[in-house]
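Data block below; observations after.
The values are calculated or read from the model by the stated rules, or taken from the named source; none is laboratory data. Here the structure is a predicted model, which means the values were calculated and not measured. Positions of Cβ are backbone-derived with ideal geometry, glycine not excepted, and every protein chain shown enters the neighbour counts. All accessible areas refer to the heavy atoms of the entire protein, side chains included, with ligands and DNA or RNA removed. Shrake-Rupley method; radii C 1.70, N 1.55, O 1.52, S 1.80 Å.
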Amino acid sequence: MVRTVKEFMRGTIKQNEIDKYLTGGKDFINDGGIFERIAANRNPEKSRIRDIITKARAIERLDPDETAAILNVTDEDLWEEMAQAAGDVKRKVYDNRIITFAPLYCSNLCVNNCLYCGFRTGNEKERRRTLTIDEVKKEAEAIAKIGHKRLIMVYGEHPSSDAEYIAETIEAVYSVSVKTRHGSAQIRRANINAAPMSIENFKKLWKAGIGTFQVFQETYHHGRYAELHPSGIKADYRWRLYALHRALDAGIDDVAIGALFGLYDWRFEVMGMVYHAIDLENRFGIGPHTVSFPRLNPAEGNGLHSQSPYRVTDDDFRKLVIAIRLSIPYAGMIVTARESAEMRRKIIPLGCTQTDASTRIGIGAYSETPLEQEADNQQFILGDTRSLDEVVREFADMGLITSFCTAGYRCGRTGDKIMKLLKSGVEGKFCKLNAVLTYKEWLDDFASGETIRASEKVILKEIDQIKNDPFYQNKKLLATFDDYLKRITDGERDLYI
Ligand code: SAM
Ligand code: SF4
């Protein structure tokens with residue numbers, strides 16, 4: 001349906017789909033209350049912090065007072081204890097796996113004016129474009145040829161990229177198939193990062209086969225949010241705050257939260273995320289599937305990156321990653337190519353579960369443009385543009401197995417089912433098998449000789465662990481795994497357990 005910008009802006013927000021989630025007219029973020037909690041938990045005893053670490057190690061989500069206590073730790077040795085625990089929590093829930101994905105930017109037309117973003121309507125230097133469905137397919141083909149199976153599809157908020165368009169683009173990427181060295185490859189999971197929408201529109205995305213719906217609150221602080229979003233639909237803080245509530249009400253059961261660090265006090269944002277997770281858990285029995293913690297990067301026509309008084313140092317960034325890992329231990333954590341290769345190496349061992357590679361964020365950038373970044377065609381400037389092959393090789397050197405698995409979602413292991421499986425460690429067992437199968441498939445189809453050599457020891461170690469784990473013998477999964485591994489070696493594709 002083609003609408004004018006005015007009609008689109010007037011018709012998007014449904015006030016009753018905000019009000020129904022409020023309690024006594026209030027949302028779940030109390031700005032003053034958060035600062036009071038942080039203040040009330042100053043100078044925590046070492047023993048209290050160690051009790052909190054024990055709770056996180058048991059994969060129990062922390063309460064706001066506990067997160068506030070962590071955020072108040074000043075003893076660097078205690079931070080190192082927490083760093084160790086963060087890595088252990090990640091391994092307990094997700095083992096040594098890391099998932100990779102590629103962002104696919106479909107449009108940069110936007111009615112909003114977020115002061116930090118290159119796509120904002122006031123940025124006259126931006127070259128505007130919405131990909132046609134054929135162009136989306138070309139992008140998906142170019143990404144599938146690199147070996148990616150997962151996308152995060154990104155859109156500006158505009159009538160040209162409305163819910164119908166997004167649904168069509170999801171269907172388009174699933175329709176793509178490319179030839180590989182030994183078989184064929186497809187995109188198997190399309191996650192979406194788009195503006196909040198109504199329950200009715202979320203249902204359209206669900207029907208089209210969306211994976212996870214991701215919305216970042218940017219800043220959870222009401223006042224700072226108002227300053228940074230002076231106009232457009234996004235100026236409505238609560239429409240955004242309850243986006244994932246509506247997504248869950250529409251039947252999408254994997255939702256992802258995030259904040260853009262550098263816009264406001266990082267400790268406040270971590271607290272905001274914990275309150276967000278709690279509200280989702282209380283209402284739906286499901287917390288966030290993943291948490292993102294992007295840091296503000298330079299963007300075309302915008303000085304906020306260098307001027308923001310809240311810029312997060314590398315040291316504080318490391319701390320906020322640890323604090324999130326311990327506070328919401330069941331959630332996946334996504335670090336993106338906004339960060340440099342060096343920074344990614346530092347924080348992945350602290351508990352990250354997903355990252356992107358071979359990343360391009362210009363519109364049409366995978367299929368059309370050369371490798372250089374083009375400031376006037378992308379949202380911000382990337383910190384790491386290494387190829388998927390290089391990143392997989394580095395992970396192998398770090399002892400990590402890159403998983404291309406999308407089975408959980410396709411077997412219905414999502415929403416509250418996956419929450420229970422994650423907390424009990426059972427999901428991890430299935431993931432381990434599927435990680436090896438998809439890793440093997442990827443190495444055969446896409447890897448360079450150097451990466452194959454680096455990955456051999458990782459895959460052999462994994463297979464050895466699987467063969468010696470009674471869980472797999474008891475569940476009679478070993479025979480299926482052996483059979484699938486052999487069939488993949490022979491060129492069969494997309495086998496999962
Ligand atoms: N337009 C939709 C929205 O705002 O929700 C979805 C896509 S937006 C392009 C994706 C995310 O990019 C935003 O939520 C924001 O957190 C992040 N972002 C915007 N400007 C950025 C910058 N300069 N550096 C890093 N991340 C940025
Ligand atoms: Fe538009 Fe999203 Fe950028 Fe804001 S962050 S200007 S809504 S694309």
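Residues 256, 226: which one is without any contact (Cβ under 8 Å) to a residue 24 or more places away in the chain and within 16 Å of ligand 2 (Cβ to nearest atom)? Of 256, 226, the one residue that is without any contact (Cβ under 8 Å) to a residue 24 or more places away in the chain and within 16 Å of ligand 2 (Cβ to nearest atom) is 226.
Table: residues versus (1) assigned to a helix (DSSP H, G or I); (2) within 10 Å of ligand 1 (Cβ to nearest atom); (3) under 22 Å from residue 198 (Cα atoms).
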residue	(1), (2), (3)
113	no, no, yes
118	no, yes, no
122	no, no, no
125	no, no, no
141	yes, no, no
148	no, no, no
157	no, yes, yes
160	yes, no, yes
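Here's the yes/no breakdown for (1) more than 28 Å from residue 320 (Cβ to Cβ); (2) assigned by TED's automatic domain parsing to the domain that holds residue 282; (3) touching a helix residue (DSSP H, G or I) at 6+ places or on another chain (Cβ under 6 Å):
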{"site": "10", "(1), (2), (3)": "yes, yes, no"}
{"site": "19", "(1), (2), (3)": "yes, yes, no"}
{"site": "37", "(1), (2), (3)": "no, no, yes"}
{"site": "42", "(1), (2), (3)": "no, no, no"}
{"site": "62", "(1), (2), (3)": "no, no, yes"}
{"site": "66", "(1), (2), (3)": "no, no, yes"}
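For residue 81, indicate whether it is in contact (Cβ under 8 Å) with a residue 12 or more places away in the chain, closer than 24 Å to residue 316 by Cβ, open to solvent by 10 Å² or more (accessible area, probe 1.4 Å) and not assigned by TED's automatic domain parsing to the domain that holds residue 237. So residue 81 fits the description; yes.
Among the helices (runs of 4 or more DSSP H) confined to the range 337-438, the ones with at least 3 residues that are surrounded by fewer than 22 Cβ atoms within 10 Å (Cβ to Cβ) and at pLDDT 95 or above are located at 341-347, 388-397. Can you tell me which residue in the range 444-457 is nearest to residue 392 (Cα to Cα), limited to those that are touching an Asp or Glu at 6+ places or on another chain (Cβ under 9 Å) and part of a helix (DSSP H, G or I)? Step by step, filter the range 444-457, then rank; the result is 451.
Tally up the residues in the range 468-485 that are of a type in the set (Lys, Arg) and either open to solvent by less than 80 Å² (accessible area, probe 1.4 Å) or assigned by TED's automatic domain parsing to the domain that holds residue 97 (or both), please.
Filtering the range 468-485 down to residues of a type in the set (Lys, Arg) leaves 475-476.
If we keep only those that are either open to solvent by less than 80 Å² (accessible area, probe 1.4 Å) or assigned by TED's automatic domain parsing to the domain that holds residue 97 (or both) too, we end up with none.
Residues flagged as of a type in the set (Lys, Arg) and either open to solvent by less than 80 Å² (accessible area, probe 1.4 Å) or assigned by TED's automatic domain parsing to the domain that holds residue 97 (or both) within the range 468-485 amount to 0.
The requirement of being surrounded by fewer than 22 Cβ atoms within 10 Å (Cβ to Cβ) and part of a helix (DSSP H, G or I) is fulfilled somewhere in the range 258-270, by at least one residue.
Criterion applied to 58, 69 was being of a type outside the set (Ser, Thr, Tyr) and open to solvent by 10 Å² or more (accessible area, probe 1.4 Å), and the one residue passing it is 58. If we scan the range 298-308, do we find a residue that is in contact with an Asp or Glu (Cβ under 9 Å, 6 or more places away or on another chain), of a type outside the set (A, V, I, L, M, F, W, C) and crowded, with 22+ Cβ neighbours inside 10 Å? The answer is no, given that none of the residues of the range 298-308 is in contact with an Asp or Glu (Cβ under 9 Å, 6 or more places away or on another chain), of a type outside the set (A, V, I, L, M, F, W, C) and crowded, with 22+ Cβ neighbours inside 10 Å.
For (1) under 18 Å from the mean Cα position of the chain (by Cα); (2) within 16 Å of ligand 2 (Cβ to nearest atom), each residue gets a yes or a no:
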{"position": "155", "(1), (2)": "yes, yes"}
{"position": "174", "(1), (2)": "no, no"}
{"position": "180", "(1), (2)": "no, no"}
{"position": "203", "(1), (2)": "no, no"}
{"position": "214", "(1), (2)": "yes, yes"}
{"position": "232", "(1), (2)": "no, yes"}
{"position": "237", "(1), (2)": "no, yes"}
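Selection of the range 134-184 for residues being within 26 Å of residue 434 (Cα to Cα), open to solvent by 20 Å² or more (accessible area, probe 1.4 Å) and free of Cβ contacts under 8 Å to residues at least 40 places away in the same chain yields 171, 174, 175, 177, 179. Name the residue that is nearest to residue 236 (Cα to Cα), counting only residues in the range 162-193 that are within 15 Å of ligand 1 (Cβ to nearest atom) and of a type in the set (S, T, N, Q). The residue in question is 193. The requirement of being small (Gly, Ala, Ser), modelled with pLDDT of 95 or more, within 14 Å of ligand 1 (Cβ to nearest atom) and open to solvent by less than 50 Å² (accessible area, probe 1.4 Å) is satisfied by residue 292.
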